[in-house]
Amino acid sequence: MNATSEPLNAFTVDVEDWVQSVLDAESPLTENFVANTHRILDLLDKHSTKATFFVLGLAAEKAPELVREIHGRGHEVQSHGFAHRHVHAQTPREFRDDVVKSKKLLEDLIGSPVCGYRAPAFSITERNLWALDVLVDAGFTFDSSINPAKTSRYGIAGAPRFPHRLRTQSGGELIEIPVASYRALGKTIPLGGGGYFRLFPIKMIDKTIKQLHAQGHPATIYTHPYEFNPNEIASLDRNVPLRLRLHQGLGRGRFADKIERLLANWRFGPLCDVIQALGDLPVHEHNRTPENLSRNQNYAIPT
Ligand SMILES: [Zn+2]
């Protein structure tokens, strides 16, 4: 395959502040995410690449000019929800309020529709598939919240690894864009971003992209502003537990270099362009076993 016939990959950024999103949900956001996001914007400019930014509502409230700048520099602005509360920690009504509030705030800031969503920490799983109906009701047309690699924290084992049209429990439809994963020895490894992505050598990320391309599918990479700042955790004026410091600090030193090499070697674009290039997509319906339905029946979809 030559470079132009390879699928267009998606480059995505979840715009949030490390302290509030990872360390302490009750803490106010620090200013760090603004400078860190600028690092990404400059890197993308350097490689003439446009991306999708899933912006947290709290981040948009704190730095509205940053959201306008992301949009003004030609990138796609979508929603990462408002308060970074995991979806499974919310009732349907709370979730609806959270996503509607973030969508409206972003739309008011950029003057364009916001129709894509990514849940904090991929927290749409088998336990809360009702959330997909809430997204459809709220006017979202695509989602990137279901991680096909199952870990202790997120994911749905056996979920499709490739973009598809997802039929919700109420019969609605969303385009679902799973982040990149690698298949080996019967396992699905989450290599589209996060800890594994920071830890594994670039060769392994290249292999992941090649494996997806060989099957005709794009790779969706996800990043966070704080990953581009190797000194952030050390510079914080607060106690960060050692385990978290080690896990979260891992691979940050070389992260920007890794991303630069990916941007130089592969074609990336925003999700709207990737979806458009994909054309017709297969339909997938998550298993509606009686067990799954009863697990969800406590949650009436709010009106
Ligand atoms: Zn997040």
Tell me, Ile202, Ile124 in order of fewest to most beta-carbon neighbours within 10 Å?
Ile202, Ile124
Can you list the residues, at least 5 places off or on another chain, whose amide H is less than 5 Å from the amide H of His284, using H built in the peptide plane?
Arg165, Leu166, Arg167
So how far, in whole Å, is the C-alpha centre of region 54-119 from the one of region 255-287?
20
How large is the Rg to Rh ratio of the chain when both quantities use alpha carbon positions and Rh follows Kirkwood?
0.94
Listed with the fewest Cβ neighbours within 10 Å leading, Ser123, Ser102, Ser152 appear as Ser152, Ser123, Ser102
Size-normalised alpha-carbon gyration radius of region 94-181, reference 2.2 N^0.38 Å
1.07
Under 23 Å from Lys210, Cα to Cα: lysines that are on another chain or at least 8 residues apart
Lys50, Lys150, Lys187, Lys258
Indicate, rounded to the nearest 5 percent, the antiparallel portion of the DSSP beta bridges found entirely in region 98-185.
50
Amide H to amide H, which residues 5 or more places from Thr220 or on other chains are under 5 Å from it, using H placed in the peptide plane?
Ala10, Ala180
DSSP loop (so not H, G, I, E, B), at most 13 other Cβ within 10 Å: list which trypsin sites (Lys or Arg not before Pro) in region 208-264 pass both filters.
Arg238, Arg254
Suppose we keep just the DSSP beta bridges with both residues in the chain; what percent of those would be antiparallel, to 5?
25
Percent of alpha carbon pairs in region 1-130 separated by more than 22 Å?
38
Could you list Val283, Val87, Val136 in order of exposure, starting from the residue whose Cβ has the fewest other Cβ atoms within 10 Å?
Val283, Val136, Val87
How far apart, in nanometres, would the label points at Leu43 and Glu107 be if each is projected 7 angstrom from Cα along the Cα-to-Cβ direction?
3.2
So what are the ³J(HN,Hα) numbers for region 12-28, from phi and the Karplus equation (6.51, -1.76, 1.60; θ = phi - 60°), rounded to whole Hz, Gly and Pro as x?
10, 9, 8, 7, 7, 9, 4, 4, 6, 7, 10, 7, 7, 4, 8, 6, x
Here the net charge surrounding Ala180, from other residues whose Cβ is less than 12 Å away from its Cβ (Lys, Arg +1; Asp, Glu -1), is +3
Separation of alpha-carbon centers, region 22-42 and region 170-193, rounded to whole Å:
27
Counting Lys +1, Arg +1, Asp -1, Glu -1, what net charge surrounds Pro218 among other residues with beta carbon under 11 Å of its beta carbon?
-1
Label point distance in nm, Met204-Val283, each placed 7 Å from Cα along Cα→Cβ:
3.8
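Every number here is computed from the coordinates shown, using simple stated rules; none is lab data. Because the structure is a prediction, the values reported are computed rather than measured. Neighbour counts run over all protein chains shown; Cβ positions are idealised from the backbone, glycine included.
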